[in-house]
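Data first, discussion second: the structure below is written as structure tokens.
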Amino acid sequence: MARATEIYSCQTCSSSYKKWQGKCDTCGEWNSIVEETGKEAVPKGLSTGKGRNLVFTSLDEDTIEHKRHMCGLAELDRVLGGGFVPGSSILIGGDPGIGKSTILLQAVGIMAKRGHSCTYISGEEATQQISMRARRLGLQDSPVQLASANSLRDIVTSLEKSKAPDLLIIDSIQTMYADNIDSAPGSVSQVRACSQELIRLAKKIGCALMLVGHVTKDGQIAGPRILEHMVDTVLYFEGDRGHQFRILRAVKNRYGATDEIGVFEMTDKGLSEVANPSSLFLNNQDREISGSSVFAGMEGTRPLLVEIQGLVAQSQQATPRRAVVGWDSSRLAMILAVLDSRCGLSLSGMEVYLNVAGGLRVQEPAADLAVAAALVSSISDIPVPENSIIFGEIGLSGEVRAVGQTDARLKEAAKLGFTAAIIPRGSKVKKSTLKIIEVEHLSEIVRLFTGKKPDQSVKAS
Ligand code: TYD
Ligand code: MG
């Protein structure tokens, strides 16, 4: 049992240690052990009778529906669930240089022009730098209150004394510094203390708070995991450096859905919103090429068509390469295994490359059938039927399973000029102008491209 003298504890699994060490023996995490403030890790029992009695209410208690503030960047407002909720706190994470400061400066710039009061505090850039960027974005006339500061005490004092803004941006939480804590900005205890204080302040003065968070090299928001529990909403701003578009994704939202995405394009005048993202991810060149299929996916409530490219080539190596961009590599391994054992199409001596065009990351299992079609099409060198979209999940026995939101997917495809759809049998199609081709088993896809019976093995052309 933990003794009262132990004062170092693991931030991941909460094991206690007498001395600091680099690796936690219990959970194996590195650099997760920190000194807990206070002398005793295990407090003595609470004596009853000293607390106040709680006042319990019921679930149907009258609530005042807070009026949300729309910032005017429609994609951001939608991802937030319909604008900023006063008193709420939002954390936005993303790789360095992805455009976090840019999107937030645009949000406050547009929002302030619409008559809301907005405060932007940067701990990373000087005010001149931010003004320069605002000029480039055409927002120099916007009445944003701008400051460059790192001291939490200064920020809290200034905000408590003046009229509360509708939106407060802190860029970034890792640069903020509480002078009552003895560690450097960005350390676990500083980040925790600063965010706690800022969230308390936002609730007290009733302004929406947006914190920018740095991410670690594996893409998590740096600092204590508890930060993500403390805030109401966690957003990730992501994108591929080689591509111009950026995606804003909510991973936690107490005031809206978490499967919404916002799509932006980085231009020389800042981020511009992309209202019709499907057109961004499809290339309009000749569709008559083998190894390419169009997947009708869903991102939240919004359908999104993306092109999936597959390439199967003879390998000279003992272990053929499998490279995946934009999709899950273990899911690809599963599809290759199903093609092999259920459809008699062995790719064991082949290199397999899979790419989601445009740099998007697809996460839906519904893309299975489109991936399989792209691969089989590449092997047989026969293009996917012209102007057709594909979706469906593949089970381990090779069966094609129906997926949700069939109608929304078909409608988007029809809107973009597609004329046929290869979909799972048993999908509930209400009404569609597309020619529907239903498939029940993956071997039907193999037959479609190779013309051979599923149990005959197919050689690369
Ligand atoms: P920034 O918002 O500073 O990134 P973060 O705060 O996430 O670190 O984004 C900077 C990048 O955006 C930089 O590489 C240049 C690019 N950018 C443009 O392409 N156009 C623009 O109008 C602006 C302001 C930035
Ligand atoms: Mg920045």
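The values are calculated or read from the model by the stated rules, or taken from the named source; none is laboratory data. Bear in mind the structure is a predicted one, so any value in this text is a computation, not a measurement. Heads up, the Cβs are rebuilt from the backbone with ideal geometry, glycines too, and the neighbour counts pull from every protein chain shown. Ligands, DNA and RNA are excluded from the accessible area calculation, which covers all protein heavy atoms including side chains. Shrake-Rupley method; radii C 1.70, N 1.55, O 1.52, S 1.80 Å.
Data for the structure
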item	result
Hey, ASP232 more than 16 Å from ligand 1 (Cβ to nearest atom) and open to solvent by 20 Å² or more (accessible area, probe 1.4 Å) or not	no
The listed residue being within 16 Å of ligand 2 (Cβ to nearest atom) and over 26 Å from the mean Cα position of the chain (by Cα), out of ALA164, ALA149, ALA184	ALA149
Selected residue (only one of ALA357, ALA337 is closer than 21 Å to ALA296 by Cβ, among the hydrophobic types (A, V, I, L, M, F, W, C) and under 31 Å from the mean Cα position of the chain (by Cα))	ALA357
Which listed residue is over 22 Å from the mean Cα position of the chain (by Cα), over 30 Å from LYS252 (Cα atoms) and open to solvent by 20 Å² or more (accessible area, probe 1.4 Å), from ALA372, ALA318	ALA318
Filter result for PHE418 (among the aromatic types (Phe, Trp, Tyr) and assigned to a helix (DSSP H, G or I))	no
Matching residues in the stretch 176-222 - criterion: being within 16 Å of ligand 1 (Cβ to nearest atom), touching a strand residue (DSSP E or B) at 6+ places or on another chain (Cβ under 7 Å) and closer than 19 Å to LYS252 by Cα	MET210, LEU211, VAL212, GLY213, VAL215, ILE221, ALA222
Extreme residue, nearest to the chain's Cα centre (by Cα), among residues of the stretch 81-110 that are polar (S, T, N, Q) and away from ligand 1 (no atom under 14 Å from the Cβ)	SER89
Per-region count, the stretch 188-232, residues assigned to a strand (DSSP E or B) and farther than 15 Å from ILE121 by Cα	2
Per-region count, the stretch 248-270, residues open to solvent by 10 Å² or more (accessible area, probe 1.4 Å) and in contact with a Gly (Cβ under 7 Å, 6 or more places away or on another chain)	8
So GLY219, is it assigned by TED's automatic domain parsing to the domain that holds ILE103 and within 16 Å of ligand 2 (Cβ to nearest atom)	no
In the stretch 188-201, residue surrounded by the most Cβ atoms within 10 Å (Cβ to Cβ) [restricted to those that are modelled with pLDDT of 85 or more and under 25 Å from the mean Cα position of the chain (by Cα)]	CYS194
Filter result for LEU280 (hydrophobic (A, V, I, L, M, F, W, C), open to solvent by less than 30 Å² (accessible area, probe 1.4 Å) and out of contact with any His (no Cβ under 8 Å at 6 or more places or on another chain))	no
Residues within the stretch 111-130 that are more than 12 Å from ligand 1 (Cβ to nearest atom) and of a type in the set (S, T, N, Q), tallied	4
Selected residue (criterion: most open to solvent (accessible area, probe 1.4 Å)) from residues of the stretch 82-121 that are of a type in the set (Lys, Arg) and more than 16 Å from ligand 2 (Cβ to nearest atom)	ARG114
Residue among GLY291, GLY297, GLY256 that alone is closer than 17 Å to CYS71 by Cβ and modelled with pLDDT of 80 or more	GLY256
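Residues checked against (1) open to solvent by less than 10 Å² (accessible area, probe 1.4 Å); (2) under 27 Å from GLY97 (Cβ atoms); (3) not polar (S, T, N, Q):
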position	(1), (2), (3)
SER148	no, yes, no
ALA164	no, no, yes
MET210	yes, yes, yes
THR216	no, yes, no
